Amino acid sequence: IIGFTPDYPPIYPYDTVESYLKFIAHLKNIPSQFVHTCVTRCLEMLDLFKLRNSYICTLSKGMQQRVNIAQAI
C-alpha cells in the first residue's frame, strides 16, 4: 500500500483534523469498525491527538503537513 503526501495537500481547511481523517479513511475503504481505531492511532503517532478537534485552517503549515502525513498512513 502506498501513501501520497503532496507539498500542498488538498485538505479541507474548515474541517476538523479528526473528521478529515475519518473522511479519508472511508475513501480508502477502511471497514467502519476500524476507522476510529485507525484514526486515533494516526493522531497519537503524529502527536496530533490534542489537536483532533481543531479546524485545519487554524493549524500551522507544519501541523497541516502532519495531518497530510496522517492521511497518507
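Ignoring everything except DSSP H segments at least 4 long, calculate the 222 nm mean residue ellipticity for the chain; use -39,500 (n - 2.57) per segment, divide by total residues, nearest 500. Present the calculation step by step, with values, prior to reporting the outcome.
Numbers: 3 runs with 37 residues, N = 73.
Taking each H run of at least 4 residues, the total per residue is -16000 deg cm²/dmol.
On C-alpha positions alone, give me the angle between the axis of helix 61-72 and the longest principal axis of the chain, in degrees, nearest 10. Between the helix axis and the principal axis of the chain, the angle is about 10 degrees. Here's the list of lysines a cross-link from residue 61 could span, going by alpha-carbon distance under 20 Å and ignoring same-chain residues fewer than 8 apart: 50. A 1.4 Å probe, protein heavy atoms only, puts the accessible area of residue 63 near 50 Å².
Longest exposed-loop-site-free stretch of the chain, with chymotrypsin sites (Phe, Trp or Tyr not before Pro), DSSP loop and at most 12 other Cβ within 10 Å? Answer from the scan: 15-73. Helix 32-45 and the longest principal axis of the Cα set of the chain meet at an angle near 40°. Summarising the overall dimensions of the chain from its C-alpha atoms, the Rg and Dmax are 11.1, 31 angstrom.
The values are calculated or read from the model by the stated rules, or taken from the named source; none is laboratory data. Everything quoted here is computed from the prediction, not taken from an experiment. Glycine gets a Cβ as well: all are built from the backbone with ideal geometry, and neighbour counts include every protein chain shown. All accessible areas refer to the heavy atoms of the entire protein, side chains included, with ligands and DNA or RNA removed. Shrake-Rupley method; radii C 1.70, N 1.55, O 1.52, S 1.80 Å.
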